[in-house]
Structures are given as C-alpha cells and as structure tokens.
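Step one of this worksheet: look at the structure below.
The values are calculated or read from the model by the stated rules, or taken from the named source; none is laboratory data. Values in this document were obtained by computation on a predicted structure and should not be read as measured data. Here Cβ is always computed from backbone atoms with ideal geometry, including for glycine, and neighbour counts include all displayed protein chains.
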Amino acid sequence: MNRSGAYRQQPTGYKAFLPSPLPPNPPLKIEGELQILLSNADMSLARLDGLGHILPNADLFISMYVKKEALLSSQIEGTQASLEDLFEFESGKLPENINDVAEVVNYVRAFNYGMERLVSFPMSLRLIKEIHSVLMEGVRGGEKTPGEFRKTQNWIGPPGCTLKDARFIPPPPHEAEAAMGSLELYLHQPPRLPALVDCALIHYLFETIHPFLDGNGRLGRLLITLYLKWKGVMEKPLLYLSYYFRKFRQEYYDRLNMVRDNGDFEQWIAFFLKGVVVTADSAVDAVKQIMELQSRHRSLLWQKKISSPLAVGILEKLFYTPYVSVNDIARDFSISYQAASTLVSQLEDIGILKEITGRKRDKRYIYADYLQILEEGTKL
C-alpha cells in the first residue's frame with residue numbers, strides 16, 4: 001500500500017484499486033519546482049480571468065470555448081467529430097456522424113446545466129449525478145444507468161479488453177460509492193491546499209473511482225471548470241484543460257496511473273499545473289486574436305462600403321454561428337432571400353465568408369478566419 005491507496009484481491013480473482021481519502025498522507029510537498037509551477041499557473045489563470053472582465057462579449061467567447069472543450073474532451077474518448085460538424089448540426093443540418101456529434105452536444109448541455117445549478121446548489125454527489133444524466137441522455141452508453149452510480153465492476157483498457165488484461169480496475173461498486181462519499185466530504189471541508197492543487201487531486205480521485213458505467217472521463221474533465229467556478233477561483237468559466245489533455249493524452253493516462261501505482265501525487269499535480277499554464281495562455285492568445293479579427297473585419301466593411309446595419313449585424317452573428325446559409329440570414333434578419341443573397345455574396349467577395357459545398361443550390365458558408373482560431377488543437 002502507498003499513500004494513494006492499494007490494490008485488493010477480489011473474490012473472483014482480479015485486483016481492484018481502493019483509493020485512500022484526500023488529502024494525501026504523508027502530506028504533499030509543494031516546494032521547489034512545484035511551487036514555481038503553482039505560482040505560474042495562478043498568474044496565468046488570473047490573467048485569463050482578468051481578460052474575461054474586460055471582454056465586450058465574454059459570453060460569446062465562453063460559449064465558443066465550451067463547444068471547443070466539449071469537442072476535445074469527447075475526442076479524448078474516441079469521438080470522431082469536428083467543430084464544423086457541431087456548427088452544421090446547430091444550423092439544423094444533420095451531419096453524417098450524428099452519433100458522435102450528439103455526444104459533443106450533450107457535453108455542452110451538461111456543462112451549461114451544471115453552471116446554472118451551481119448558482120443555487122452546491123457541488124455534491126446529487127449534482128454530479130444530475131450532470132451525468134444530462135451528459136449521457138440519448139447517446140452511446142445512455143442505456144448504462146445514466147445519473148446512477150454503477151452496481152457492477154468496470155475497468156479501463158483498450159477496446160475489447162477484459163478484467164484479465166485491463167490497464168486499470170477501479171474499486172468495486174460498494175467501495176466506489178463509499179469513496180465518492182469521502183470525496184463529497186472533502187469538497188466541503190475548509191480548504192487546506194491551494195485551489196488548483198485541490199482541483200488536480202479531485203480530478204485524479206474522480207477518475208480513479210470511475211463511479212459510473214460510462215462517461216467518467218468526460219464528466220471528470222467537465223467538473224474541473226465547474227469546481228473552479230464554484231470555488232470562486234474564476235469569475236467566468238474560461239479554463240478548459242481538454243486542449244492539453246488531448247495533446248498529451250497518453251501522458252495524461254500514464255501520470256494518473258503513476259499516482260495509483262507509486263503514490264506520486266506531486267508529478268501528477270505538476271503535469272496538471274503545466275496544463276493550466278498552457279491552456280490559460282492559449283485562451284488569452286485566442287481572445288486577442290478574436291478581438292483583432294472583429295476589429296479588422298469591421299474596418300473592412302467600412303473600407304468596402306458594405307457597412308449597413310445589416311452587414312454589421314451579419315458579421316456579429318458569424319461570431320456566434322460561423323456556419324450559415326442564405327436562408328439562415330434571411331430568416332434571422334427578417335429580410336428577403338434576394339437581399340440576404342446579395343449581402344452573403346458581398347461578404348464572400350471580400351473574403352469574410354467562404355462557400356464550402358461547391359454546389360449551385362443549397363450553398364453553405366463558413367467564417368473561415370474565425371474557425372481557424374477556434375479549431376486550433378481540434379483536428380483529428
């Protein structure tokens with residue numbers, strides 16, 4: 001046994017991991033390089049949160065980054081979808097990979113549900129179950145008792161593996177429920193550690209318990225941002241670590257296993273804090289790029305004498321829905337098809353819109369420059 005827990009032989013022969021409660025004992029050593037990393041992560045997060053206060057359209061940026069986080073987190077689990085697929089679905093068109101896209105859409109719904117509930121309800125097992133129910137509704141795995149802790153043993157490993165060759169076996173059901181109870185107690189204890197360190201520990205423990213039959217990875221990553229918002233670490237939910245976890249997916253899994261196998265929490269926390277720095281700095285850069293793009297394309301409309309209120313309104317709409325058709329524009333702005341077609345053609349001529357179907361009828365357009373910023377790190 002190490003300070004993270006122990007593998008215990010089960011009646012049917014396999015060994016499952018039983019995690020120790022938080023905080024680690026012996027206590028963490030937050031010193032040297034780890035202390036520097038914590039300081040850097042705090043500064044990067046504060047810079048991002050500060051930018052959220054001065055953004056003229058912070059809700060726009062949040063909504064786009066929730067979609068990006070949903071996509072990246074789902075891709076970690078093997079979902080084959082793109083941001084363009086998601087925007088296509090939102091525009092009312094069903095993409096070919098509808099099952100994959102539905103998982104991403106559910107992630108967005110689950111995140112938004114959690115944010116709304118946290119206004120009047122604390123982080124708790126009840127809320128975690130509610131969020132899981134939304135996450136899994138009507139998608140693959142939706143038949144596996146969404147919103148309820150598992151009653152059978154699960155395991156983690158390559159597709160098709162069994163208990164015998166699993167990479168990791170979480171605690172059996174009765175132990176898992178007890179461990180989740182212990183985690184809930186820890187959530188509500190007076191803080192003993194810095195919030196980002198606590199967040200890293202809580203994510204590790206949730207993924208180790210794996211309390212549901214499906215959706216644990218996505219839910220565990222979703223809870224990171226919800227936890228930081230609940231604790232008041234961020235005023236606006238702008239930190240999404242799946243960008244980093246996907247980029248270093250194997251290391252992400254390996255470092256979680258190093259805690260279980262060796263009790264080495266410090267290396268996991270260091271990896272997590274590096275992720276906060278990378279992700280927060282990337283988000284700050286993306287915000288600046290989006291603000292510059294808005295300014296540049298507004299100026300372009302004036303230069304090309306396409307600065308009618310309708311044209312400006314369409315440009316603003318593209319930052320919320322960068323995948324459109326002429327019919328979408330006509331409907332959303334209550335104008336004729338011909339007027340919408342003229343405006344779309346003008347925006348295409350000056351390079352703001354790009355036609356993507358190659359067809360003469362039922363054309364679809366994307367705001368390519370904007371999508372290029374959002375799509376960083378999401379390509380399959």
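Hey, any hits in segment 30-42 for a residue that's outside the structural domain of Asn327 (by TED's automatic domain parsing), modelled with pLDDT of 90 or more and not in a helix (DSSP H, G or I)?
yes
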(message) I need a count of the residues in segment 113-130 that are surrounded by 16 or more Cβ atoms within 10 Å (Cβ to Cβ) and in contact (Cβ under 8 Å) with a residue 24 or more places away in the chain.
(response) 5
(request) Would you mind stating whether Pro191 is modelled with pLDDT under 95, in the same structural domain as Ser73 (by TED's automatic domain parsing) and within 29 Å of Glu266 (Cα to Cα)? (result) yes
(request) State all residues of segment 12-42 that are surrounded by 14 or more Cβ atoms within 10 Å (Cβ to Cβ), of a type outside the set (Gly, Ala, Ser) and closer than 18 Å to Phe272 by Cβ; if no residue qualifies, say none. (result) Pro19, Leu22, Pro23, Pro24, Leu28, Ile30, Leu34, Leu37, Leu38, Asn40, Asp42
(request) Test each condition in (1) closer than 30 Å to Lys231 by Cα; (2) hydrophobic (A, V, I, L, M, F, W, C); (3) surrounded by 18 or more Cβ atoms within 10 Å (Cβ to Cβ) for Leu185 and report the one that comes out false. (result) (3)
(message) Show me the helices (runs of 4 or more DSSP H) entirely contained within segment 49-162 in which 2 or more residues are under 30 Å from Ser295 (Cβ atoms), under 19 Å from the mean Cα position of the chain (by Cα) and among the hydrophobic types (A, V, I, L, M, F, W, C).
(response) 58-76, 83-90, 98-118
(request) Taking Gly263 as the residue in question, decide whether it is at pLDDT 95 or above and under 23 Å from Ser74 (Cα atoms). (result) no
(request) Report the residue count in segment 219-252 for those that are touching a residue at least 12 places away in the same chain (Cβ under 8 Å), under 26 Å from Lys379 (Cα atoms) and part of a helix (DSSP H, G or I). (result) 17
